[in-house]
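Take a look at the structure set out below.
Just so you know, all these numbers are worked out from the coordinates, no wet-lab data involved. The structure presented is a predicted model; accordingly, all values stated were derived computationally and were not measured. With ideal geometry, Cβ positions are generated from the backbone for all residues, glycine too; neighbour counts draw on all protein chains shown.
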Amino acid sequence: MTPLTPDESRPLSEAIKQGNAKEQTTLKMTQISACINKKNITIIVFSLKLSIPSFTSTTIPINRHFSLESFQETCPNNYQHPKPMLKSTSRHQQQQTMVSLVKSSTHKPHLLQIQAHLTRSSLLQNPKFSLLFLSSLCSSRDLRYARLFFSQIKNPSSSHYNTLIRAYSSSNSPKEAFILYREMRQKGLKPDPISFSFVIKSCVKFRSVFCGLQVHGRIIRDGFLSDCLLLTTLMEFYSSFASREDACKVFDEMSQKDTVAWNVLISCYLRNGRTRDVLMLFDNMKNEGVCEPDDVTCLLVTQACANLGALEFGEKVHRYIKERDYGTARNLSNSLISMYSRCGCLDKAYDVFKGIGEKNVISWSAMISGLAMNGFGRDAILAFEEMRRTGVIPDEQTFTGLLSACSHCGLVNEGMEFLNQMSKEFGIMPNVHHYGCVVDLLGRAGLLEQAYRVIISMKVKPDATIWRTLLGACRIHGHFTLGEHVIEHLIELKAQEAGDYVLLLNIYSSTGNWEKVSELRKFLKEKGIQTTPGCSSIELKGIVHEFIVDDVSHPQKHEIYNKLDEINKQLKIAGYVAETTSELHDLGAEEKANALSYHSEKLALAFGVLVTRPGTTLRVTKNLRICIDCHNFAKFLSGVYNRQLIIRDRTRFHHFRDGHCSCNDYW
DNA sequence: TTAGGGTTAG
């Protein structure tokens, strides 16, 4: 006999049921529920034999040993034939039992019986009890009973409304919360700050800026602007509607900003693409000393570092995590794996991975994706096999990582095998991301027709990204007829972007089709389509420097351009020849070479060479795909200037060392 | 026993 703990409430009712065969027969027509609070356990036997609800209950202190005998001892008379206890027990006990019963019962007929009984009895007229009962009903997933019960209450108080509003705000019909809020105001009842925050939350959930703004106005009029928690909810509301400025305004107006408020602000910046500012906010928090960053802050900032490829800052956050003893949190570790992988720092990602005691599917998938994006496709597959051996079940994202591993390393057969395996063995239907990897895999391998057939035959609707992937493959293999065809699909989806036309231009120019080039350029000019400027960032000593094509904004611009000229000369001596096919203009060879010189990644690299010593690692992140010329440039630079280079572009990592690229090839 | 806010960990 062992003492009971709250976790054992369910096994307890099972234990009673399984007592012995005789007991089972006796209990066949009854439902047994057990309800536990800090001190006691209440066991309720609910009988279905009688036409009106009848039950008996007993309460045992939690520290006492439980057995079927002790249960029978405490209620010897009622055990076998539960009698309607509502007639014989005190009112308080009745209420207690009813509430316990509702809380532990998920059986609909019971709820209906209880409610029918309540409607007949006088219990409903007691506002305190009706509130209790309403809140019990609200804990059920199905709010229809709560709504029905609510409609039977003659004069619902604001507490009644608040209870129901709270339940609806996190339900599948959040709009009901707003409707109830309006109704209560019409009746002259005033919501308090707590119910306001539920209403705001529901506006976020049913995506209505208009309703949310109305509520904000009312909050101002009712004078609740000093409530820090309510204002945090409002910040989240503005943040979720991409109104970063409004969220900031609310933040500034807060008299007391706690860590959660800072976290909401950081999450707002992260969500709205102001990633670099997230790092600044983290520093502000630490330096101002008012609010110490917590584990959630670290999680958010880690993601920002991953997006930026800001390794040094990420390491700083990692140190902070260790200092504050957050290191054992698996979500943080998993996020760190992703951060280090996305910064091209696989050994550190692996260190974090090794340190996780119990690795879950997310830990494994993060590691697999990390290996994949850094060009270690075979190791990603080995990791997957190891994961299977440890008994972890793969999910959708595990296969995304695996398939991208195959596409990065040109493992066509393996990739097709995994695509087959995922649905057959694991029952996971390939989604658009999985197909995207397969299209990329086939496309890069030159199997363009097969890639096209995959898109046409897949069960999910092809999105713009998947067409764009195929367009990229057309660019590699100079297949302009299929490229034109793909653009048509993108136009059909109304998703064609400037970058897509640039790819098509690249296809035309790489095949020397200058007539088509000028035709398309004319078209772009007429339509006013602006191409996205290339942008590269490099992190040095914890500071992220950004460069755009032909950038002249950097304070050290003269030194950078001089350095770039010097590098160009040196690389030419080493055998570097400017590759011009990806350039848009139909220029002379000399002009082309000049036009290529100031791509943003070259500026970032020149700056890196300028301020570091030989032997260092330079990490560059680019928003678009790196062009073949810059790829060559980097390859030569890594040898001539003795720098290890890790360039992350829109699709993958490129590692360069001693004049070689880890992929051994541009693609 | 009406009872609040932030993390899409990959």
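Numbers below:
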quantity: Shape of region A:359-430, Cα gyration tensor, a/c cut at 1.5; calculated: oblate
quantity: Kirkwood Rh, Cα atoms: Rg over Rh of region A:275-394; calculated: 1.01
quantity: Principal axis dimensions, largest first and in whole angstrom, of region A:441-527 by Cα; calculated: 38, 27, 15
quantity: Sequence ranges A:486-495, A:435-444, ranked by mean other-Cβ count within 10 angstrom, highest first; calculated: A:435-444, A:486-495
quantity: Pair-distance profile P(r), taking every C-alpha pair of region A:151-244, with 5 angstrom steps and integer %; calculated: 3, 15, 27, 26, 19, 7, 3, 1, 0
quantity: Segments A:506-519, A:194-207, A:154-167 sorted - mean Cβ within 10 Å per residue, highest first; calculated: A:194-207, A:154-167, A:506-519
quantity: Shape box of region A:535-661 [Cα atoms, principal axes, largest first, Å]; calculated: 41, 31, 30
quantity: Among A:T532, A:V517, A:A473 the positive-end extreme of the charge dipole of region A:455-582 (Cβ point charges); calculated: A:A473
quantity: Loop-located trypsin sites (Lys or Arg not before Pro) in region A:531-571 whose Cβ has at most 12 other Cβ within 10 Å (DSSP); calculated: A:K541
quantity: Total formal charge among the other residues, if their Cβ is under 11 angstrom from that of A:M235, Lys/Arg +1 and Asp/Glu -1; calculated: -1
quantity: Cα point-scatterer Debye curve for region A:455-503, base-10 log of I(q)/I(0) at q = 0.17, 0.19, 0.20 Å⁻¹; calculated: -0.44, -0.54, -0.60
quantity: Mean Cβ count within 10 Å, highest first, over the residues of peptides A:218-225, A:168-175; calculated: A:168-175, A:218-225
